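*Asks:* Dropping a structure here in structure tokens format, bear with me for questions.
The values are calculated or read from the model by the stated rules, or taken from the named source; none is laboratory data. Source: prediction; values computed, not measured. Using ideal geometry, Cβ is built from the backbone for each residue, glycine included, and neighbour counts are taken over all protein chains shown. Note: areas computed on protein heavy atoms with side chains; ligands, DNA, RNA excluded. Shrake-Rupley method; radii C 1.70, N 1.55, O 1.52, S 1.80 Å.
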Amino acid sequence: FKEYNINYVYLEDYIIKEQVNICSNSNIIIGVHGAGLIWSIFMEKGSLIELYPGNSKTDNYIRFCKIAKINYYRLCVNITKGNQNDFRNASVNLNREHIQVIKSYL
């Protein structure tokens, strides 16, 4: 992703007001499924790319993004540490295929 202007942010390091500000000033948010992705609804335009451990059929962010009129993409990724029943505490890795898919969304 060297050709893109990407900032790596750990939202848990910021207070809520700063989290909203960071997301509202972003064009694209890429993140692992979790509560912090909800701040994407404050984007004026743009896209949310959700990295989803496993292959669940939940549609929470799909609905939120439709309401906020931003693009939504889900990329199912493999859990490399932890398990699918507790994916909030799991780790994921992206392979070359995942990277190509993300680049196609950009």
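*Asks:* Residues being in a helix (DSSP H, G or I) and modelled with pLDDT of 85 or more: count how many of those fall in the range 1-48.
*Replies:* 18
*Asks:* Now, a different point. Can you say whether GLU44 is closer than 22 Å to LEU94 by Cβ and open to solvent by 70 Å² or more (accessible area, probe 1.4 Å), as far as the supplied structure shows?
*Replies:* In short, no.
*Asks:* Within the range 1-36, can you find the residues that are under 15 Å from the mean Cα position of the chain (by Cα), of a type outside the set (A, V, I, L, M, F, W, C) and closer than 23 Å to SER91 by Cβ?
*Replies:* Scanning the range 1-36 gives ASN7, TYR8, TYR10, GLU12, GLN19, GLY31, HIS33, GLY34, GLY36.
*Asks:* Does the range 52-68 include one or more residues that are touching a Ser or Thr at 6+ places or on another chain (Cβ under 9 Å), of a type in the set (Val, Ile, Thr) and more than 20 Å from SER104 (Cα to Cα)?
*Replies:* Scanning the range 52-68 turns up no residue that is touching a Ser or Thr at 6+ places or on another chain (Cβ under 9 Å), of a type in the set (Val, Ile, Thr) and more than 20 Å from SER104 (Cα to Cα).
*Asks:* Turning to a different aspect of this structure: Please count how many residues of the range 13-38 are open to solvent by 50 Å² or more (accessible area, probe 1.4 Å) and closer than 23 Å to HIS98 by Cβ.
*Replies:* Result for the range 13-38: 5.
*Asks:* How many residues are touching a residue at least 24 places away in the same chain (Cβ under 8 Å) and either buried (at least 18 other Cβ atoms within 10 Å of the Cβ) or of a type in the set (Lys, Arg) (or both) when one looks only at the range 47-67?
*Replies:* Here is the first cut: in the range 47-67, the ones touching a residue at least 24 places away in the same chain (Cβ under 8 Å) are 47-54, 61, 64-65, 67.
Restricting the remaining residues to those that are either buried (at least 18 other Cβ atoms within 10 Å of the Cβ) or of a type in the set (Lys, Arg) (or both) gives 47-51, 53, 61, 65.
Number satisfying all stated conditions: 8.
*Asks:* On to the next question. Which residue pairs have Cβ atoms closer than 6 Å, lie 6 or more positions apart in sequence or on different chains, and pair a first residue in the range 8-30 that is within 20 Å of LYS45 (Cα to Cα) and free of Cβ contacts under 8 Å to residues at least 60 places away in the same chain with a second residue that is open to solvent by 70 Å² or more (accessible area, probe 1.4 Å) and of a type in the set (Phe, Trp, Tyr)?
*Replies:* Note: pairs meeting the criteria are VAL20/PHE42; CYS23/PHE42; SER24/PHE42.
*Asks:* Now a separate question. Look through the range 51-80, keep the residues that are outside any helix (DSSP H, G or I) and basic (Lys, Arg), and return whichever of them is farthest from ASN95 (Cα to Cα). If you could, list the steps in order and put the result at the bottom.
*Replies:* Kept after step one, since they are outside any helix (DSSP H, G or I), are these residues of the range 51-80: 51-59, 69-80.
Remaining after also requiring basic (Lys, Arg): 57, 69, 74.
Numbers: LYS57: 22, LYS69: 29, ARG74: 15 Å.
Top of the filtered list is LYS69.
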